[in-house]
Amino acid sequence: MKLNFSTLLTPGLMLLTLLTLGCVGVPAGVTPVQDFNVDRYLGRWYEIARLDHSFERGLERVSAEYLLEPDGVIKVINRGFLKEKNRWKEAEGRALFVNDPAEAHLKVSFFGPFYSSYVVFELDEEEYQYAFVCGANTNYLWFLARTPSVEESLKKKFTARAEELGFAADTLIWVPQSP
């Protein structure tokens, strides 16, 4: 049997498409915020809590900055302090809306054409002072706020919501924000 390039290319493209789409999904039970206003979301956010993952392991004083570029792409700058090495780490990426810009479901990339979900599933819709964010599955979860610290009642609300949606809330990392 003779294989040609187009025979191999089609299944390869299909697999790549499936892998890419799988990374921009939404976990079961999670609903992205509707009537989302990206202009109000722009600016600096502090990471209050997260689930552990390799790309942020050991980081303290973590923040994310969201800036709207002229072409409509959202520039993402994540920054955190690696105490054990006494240095800052920074990662720059880009975010795009998966569907309608009024739905808080974006895809974010920090390396090339590979995107991951960024789903805001709860938001202080009046003041945009806190956001609960997840990835495509229950392995990725963040609690962001406009200030480096929040009320204990908001921490409890986040933990309860995370548990309700099937995230491993008992393994949350509460991010130190002070030097």
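Every read-out reported here was derived from the displayed coordinates using simple, explicitly stated rules and does not represent laboratory data. If you're wondering where the values come from, they're calculated on a predicted model, not measured in any experiment. Here Cβ is always computed from backbone atoms with ideal geometry, including for glycine, and neighbour counts include all displayed protein chains.
Counting Lys and Arg as +1 and Asp and Glu as -1, what is the net charge of the other residues whose Cβ lies under 9 Å from the Cβ of residue 79?
Combined, the nearby Lys, Arg, Asp and Glu give 0.
Which value, in debye to the nearest 20, gives the size of the charge dipole of the stretch 95-155 about its Cα centre, when Lys and Arg are +1 and Asp and Glu are -1 at the Cβ?
Charge dipole of the stretch 95-155: 420 debye, to the nearest 20.
For the stretch 30-174, what relative contact order do you get, as a whole percent, if you take Cα pairs closer than 8 Å and at least 6 residues apart?
This gives 25 percent for the stretch 30-174.
Within a Cβ distance under 12 Å of residue 142, other residues only, what is the Lys/Arg minus Asp/Glu net charge?
Value of the local net charge: -3.
Between 0 and 90 degrees, rounded to the nearest ten: what's the tilt of helix 5-22 against the longest Cα principal axis of the chain?
So the inclination is approximately 20 degrees.
So what are the radius of gyration and Dmax for the Cα set of the chain, in Å?
17.8, 67
Which value, in debye to the nearest 20, gives the size of the charge dipole of the chain about its Cα centre, when Lys and Arg are +1 and Asp and Glu are -1 at the Cβ?
I would put it at about 800 debye.
In nm, to one decimal, how far is the modelled label at residue 55 from the one at residue 168, with both set 7 Å along Cα→Cβ?
For residue 55 paired with residue 168, the spin-label model returns 1.8 nm.
For 151, 60, which order do you get if you count the other beta carbons within 10 Å of each Cβ and list the fewest first?
Final ranking by Cβ density, sparse to dense: 151, 60.
Sorted by mean Cβ packing within 10 Å, highest first, what order do the peptides 153-162, 62-71, 112-121 take?
With the highest mean Cβ count within 10 Å placed first, the list reads 112-121, 153-162, 62-71.
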